[in-house]
Number of protein chains: 2
Amino acid sequence: MHVLITGAAGMLGRKLTERLVADGSLAGRPLDRLTLTDVVEPFRPAEVTADVVATDLAAPGAADRLLAGRPDVVFHLAAVVSGEAETDLDLGYRVNLDATRALLEAVRVLHEQDGYHPRVVFTSSIAVYGAPLPDPIPEDFHHTPLTSYGTQKAIAELLLADWSRRGFCDGVGVRLPTVCIRPGRPNKAASGFFSSILREPLVGQEAVLPVPETVRHWHASPRSAVGFLVRAAGLDTALVGPRRTLSMPGLSATVGEQLEALRRVAGERAVRLVRHEPDEAVMRIVGTWAAALDATRAERLGFVAETSFDEIIRVHVEDELGGVLPS
Amino acid sequence: MHVLITGAAGMLGRKLTERLVADGSLAGRPLDRLTLTDVVEPFRPAEVTADVVATDLAAPGAADRLLAGRPDVVFHLAAVVSGEAETDLDLGYRVNLDATRALLEAVRVLHEQDGYHPRVVFTSSIAVYGAPLPDPIPEDFHHTPLTSYGTQKAIAELLLADWSRRGFCDGVGVRLPTVCIRPGRPNKAASGFFSSILREPLVGQEAVLPVPETVRHWHASPRSAVGFLVRAAGLDTALVGPRRTLSMPGLSATVGEQLEALRRVAGERAVRLVRHEPDEAVMRIVGTWAAALDATRAERLGFVAETSFDEIIRVHVEDELGGVLPS
């Protein structure tokens with residue numbers, strides 16, 4: 001099994017790489033080769049044959065070179081996040097749309113040459129939905145994104161479905177919840193605070209909350225998100241049909257409920273480290289997002305997420321803090 | 001008022017041009033200039049200052065040249081039809097996606113230069129929907145096209161909404177029913193028979209029906225379609241909001257009901273000219289299309305279509321046959 005991961009230097013890409021290396025297999029077949037790519041050179045795991053490639057996927061020829069080794073599974077994670085895609089229109093369209101199209105086009109060229117037909121797992125987002133939204137959002141609800149990021153993800157979903165329908169590849173889109181708790185430093189996603197209000201206080205640092213505690217949102221841990229990707233790679237797509245992107249399960253919780261879970265896990269002292277600093281720009285973006293999704297299709301296909309924020313915090317403590325809270 | 005029409009040599013483009021010239025105005029302002037473009041040189045009306053330009057809209061610089069005169073209203077009708085977009089993937093994506101994007105990108109460049117902010121009226125299609133479909137299709141139903149044409153139209157809807165939200169243009173998409181009765185020769189649209197089974201018999205010629213009479217579909221006359229475009233150009237978009245594409249009203253009718261109307265208008269002899277020749281390929285495409293749409297939003301905004309097939313046939317006789325049936 002040869003696996004290509006785009007966006008491999010990002011948080012999900014690194015965690016997916018670790019998971020694949022730890023499993024030593026994917027979809028029931030031994031993992032014998034990894035191709036890892038990103039705009040910066042991804043970390044090279046020692047345990048498996050890995051090509052690491054720093055490249056701009058939207059540049060002419062880049063996708064062809066990445067696919068030359070005919071990876072069986074392509075995880076297409078490379079993306080400019082929501083906040084940055086909103087402030088830098090050109091960059092967002094270039095990475096989130098042009099690069100995706102370049103990748104799919106390169107797949108098609110190989111398909112027409114020799115019947116190449118990889119599983120392509122694509123990470124979409126709840127940002128394809130735009131307010132006003134029902135709660136939960138039904139699986140057949142239209143995509144009316146209110147950010148360029150959501151627009152680009154919705155377009156990529158359409159392309160993936162068309163490519164799969166035409167038989168160029170075997171695509172599965174996973175419409176990810178907001179990934180929480182993101183480890184590491186904040187990125188430019190408008191959703192970043194959902195993680196930082198837990199992550200920072202857990203290690204005794206301050207965090208800023210830019211929205212009211214009543215804001216409800218849709219979450220899954222990084223561990224669950226990686227689980228979705230692995231599940232999508234092994235899925236029998238005959239069970240998916242032509243509607244190739246699935247809303248992933250998640251946990252619908254308010255910021256207040258997040259903070260209550262933080263209190264239970266790390267005490268009042270941790271919660272006091274969260275400073276309320278309302279930010280109109282963030283509130284405007286986040287206010288257009290989903291509070292909960294109907295993920296029945298994905299649940300029936302074996303995708304699983306957390307059911308409490310205590311669990312999400314415990315996953316973070318286990319995976320990022322060595323299983324113990326600093327005293 | 002300066003108006004640009006892309007796809008101006010096509011059936012709708014020509015009828016829209018005739019209508020604008022006949023009205024002498026658009027959205028309450030006198031029409032003083034037309035720019036008409038297509039891949040072949042469009043017909044030049046004598047009654048108004050008109051630039052006619054044969055160009056490939058997807059070619060570098062083409063859109064910039066067309067917009068140099070800062071048209072107040074852009075009707076973007078240029079498209080490769082469904083059947084052809086399915087058989088020629090490259091052409092479909094080039095015209096229906098790349099050219100649309102090039103046009104929008106050129107609008108953005110001018111917007112950033114000098115605040116240019118045209119009304120852009122885009123013709124989308126019911127092909128954005130893919131089976132299984134509810135009947136009627138609610139306005140908030142998701143877009144899961146089962147053709148590349150539908151995919152390209154759905155993507156263009158997303159781009160138009162993003163461009164409008166960002167303030168680069170003031171877009172309105174009209175999701176057209178199948179236009180029936182199309183005048184002239186058949187084109188490569190899979191929906192062509194819906195017109196030919198009426199158009200040909202009305203002038204004493206045979207026509208082929210490739211689907212069962214029970215097939216139900218969603219129709220509006222060319223006159224109504226042009227009416228939608230004109231209405232969209234003059235619409236107060238504050239009433240439209242961020243969901244920029246509207247499902248147009250239409251008439252839901254079975255092929256059998258079409259033939260009954262033909263019988264009432266032109267007699268049994270006309271109906272006998274329709275030969276039943278089932279075509280699996282056409283049935284497969286048409287079987288994924290919509291039978292009826294909820295068009296409440298558009299109706300409230302003043303968009304109007306026919307309410308009987310007798311009326312649709314009468315419009316054809318008036319507009320194409322000089323008001324009389326050949327004896």
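Given the -39500 (n - 2.57) contribution per DSSP H run of 4+ residues, what per-residue ellipticity at 222 nm results for the protein assembly as shown, rounded to the nearest 500 deg cm²/dmol? Please list the in-between numbers first.
Numbers: 26 runs with 253 residues, N = 654.
When only DSSP H runs of four or more count, the value is -11000 deg cm²/dmol.
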**Complete:** Cα extents of segment B:22-141 per principal axis, largest first, Å, are 47, 33, 33
**Asked** Excluding ligands and nucleic acids, what accessible area in Å² is computed for B:R314 using a 1.4 Å probe, to the nearest 10?
**Response** 130 Å²
**Request:** Once you have all Cα-Cα distances for segment A:145-207, histogram them in 5 Å bins from zero and send the whole-percent values.
**Result:** 4, 16, 17, 15, 13, 12, 10, 7, 4, 2, 0
**Message:** Between A:R300 and B:R263, what's the calculated FRET efficiency when r is the beta-carbon distance and R0 is 35 Å? Round to 0.05.
**Reply:** 0.10
**Prompt:** Under a GNM of chain A (C-alpha, springs under 10 Å), which listed residue has the highest mean-square fluctuation: A:A50, A:A68, A:A295?
**Reply:** A:A68
**Prompt:** How big is the charge dipole of the protein assembly as shown about its Cα centre, in debye rounded to the nearest 20, if each Lys and Arg gets +1 on its Cβ and each Asp and Glu gets -1 on its Cβ?
**Reply:** 180 debye
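Using +1 on the beta carbon of Lys and Arg, -1 on that of Asp and Glu, and nothing else charged, what's the dipole of segment A:112-167 about the Cα centre, debye to 20? All intermediate terms of the calculation are to be shown ahead of the outcome.
Numbers: 4 positive and 7 negative charges, 20 e Å.
Computed about the Cα centre, the dipole is about 100 debye.
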**Asked** When all C-alpha to C-alpha distances in segment B:187-256 are sorted into bins of 10 Å, what percent of pairs does each bin hold, rounded to whole numbers?
**Response** 16, 38, 27, 15, 4
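Out of all Cα-Cα pairs in segment A:134-268, roughly what percent, to the nearest whole number, are more than 24 Å apart? Could you put the intermediate results ahead of the total?
Working: 3551 of 9045 pairs.
Tail of P(r) above 24 Å: 39 percent of Cα pairs.
Give the total of Lys-Lys pairs in the protein assembly as shown with Cα-Cα distances below 22 Å; include a pair only if its members are 8 or more places apart or on different chains. Before the final figure, lay out each step's value.
On the way: A:K15/A:K153; A:K15/A:K188; A:K153/A:K188; A:K153/B:K153; B:K15/B:K153; B:K15/B:K188; B:K153/B:K188.
Close lysine pairs found across the protein assembly as shown: 7.
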**Message:** Only four residue types carry charge here, +1 at the Cβ of Lys and Arg and -1 at the Cβ of Asp and Glu. Report the dipole size of segment A:1-156 about the Cα centre in Debye, rounded to the nearest 20.
**Reply:** 320 debye
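What's the Cα-based Rg to Rh of segment B:224-323, Rh via Kirkwood? Mind showing how you got there, number by number?
Numbers: Rg = 16.9 Å, Rh = 16.1 Å.
Ratio of gyration radius to Kirkwood radius: 1.05.
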**Message:** Restricting to Cα pairs below 8 Å that are 6+ residues apart, what does the relative contact order work out to for chain B? Please round to a whole percent.
**Reply:** 18 percent
**Fill in**
Copies of A:T296 compared via label points 7 Å along Cα→Cβ give distances in nm, shortest first, of 2.2
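Count neighbours as other Cβ atoms within 10 Å of each site's Cβ, and list the GluC sites (Glu not before Pro) in segment B:205-301 that are DSSP loop with at most 16 such neighbours.
Details: sites: B:E206, B:E213, B:E257, B:E260, B:E268, B:E280, B:E299; in loops: B:E206, B:E213.
Sites meeting the loop and neighbour criteria: B:E206, B:E213.
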**Prompt:** What are the label-to-label distances in nm, one decimal and shortest first, from A:H117 to the same spot in the other copies, with labels 7 Å along Cα to Cβ?
**Reply:** 5.1
**Asked** Extent of chain B along each principal axis, from alpha carbon coordinates, in Å, largest to smallest?
**Response** 61, 44, 38
**Prompt:** To one decimal in nm, how far is B:D236 from the same spot in the other copies, if labels go 7 Å from Cα toward Cβ? Please give the shortest first.
**Reply:** 5.7
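Calculate, in nm to one decimal, what B:T214 and B:R314 gain on full extension: separation in residues at 0.36 nm each, minus their alpha carbon distance. Could you put the intermediate results ahead of the total?
Numbers: separation 100, 0.36 × 100 = 36.00 nm, distance 2.29 nm.
Full-extension gain reported as 33.7 nm.
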**Request:** Quick one: give the max-minus-min coordinate of the C-alpha atoms of segment A:1-45 along each principal axis, largest first, in Å.
**Result:** 30, 15, 15
**Complete:** Using the Kirkwood formula on alpha carbons, the hydrodynamic radius of the protein assembly as shown in angstrom works out to 26.4 Å
**Request:** Putting +1 on Lys and Arg Cβ atoms and -1 on Asp and Glu Cβ atoms, find which of A:S252, A:V315, A:F228 reaches farthest to the positive end of the dipole of the protein assembly as shown.
**Result:** A:S252
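Put A:T296, A:T307, B:T6 in order of accessible area, largest first, 1.4 Å probe: what do you get?
On the way: A:T296 45, A:T307 115, B:T6 0 Å².
The ranking, largest first, comes out as A:T307, A:T296, B:T6.
The values are calculated or read from the model by the stated rules, or taken from the named source; none is laboratory data. Everything numeric here is computed off the predicted structure, so don't read it as measured data. With ideal geometry, Cβ positions are generated from the backbone for all residues, glycine too; neighbour counts draw on all protein chains shown. Note: areas computed on protein heavy atoms with side chains; ligands, DNA, RNA excluded. Shrake-Rupley method; radii C 1.70, N 1.55, O 1.52, S 1.80 Å.
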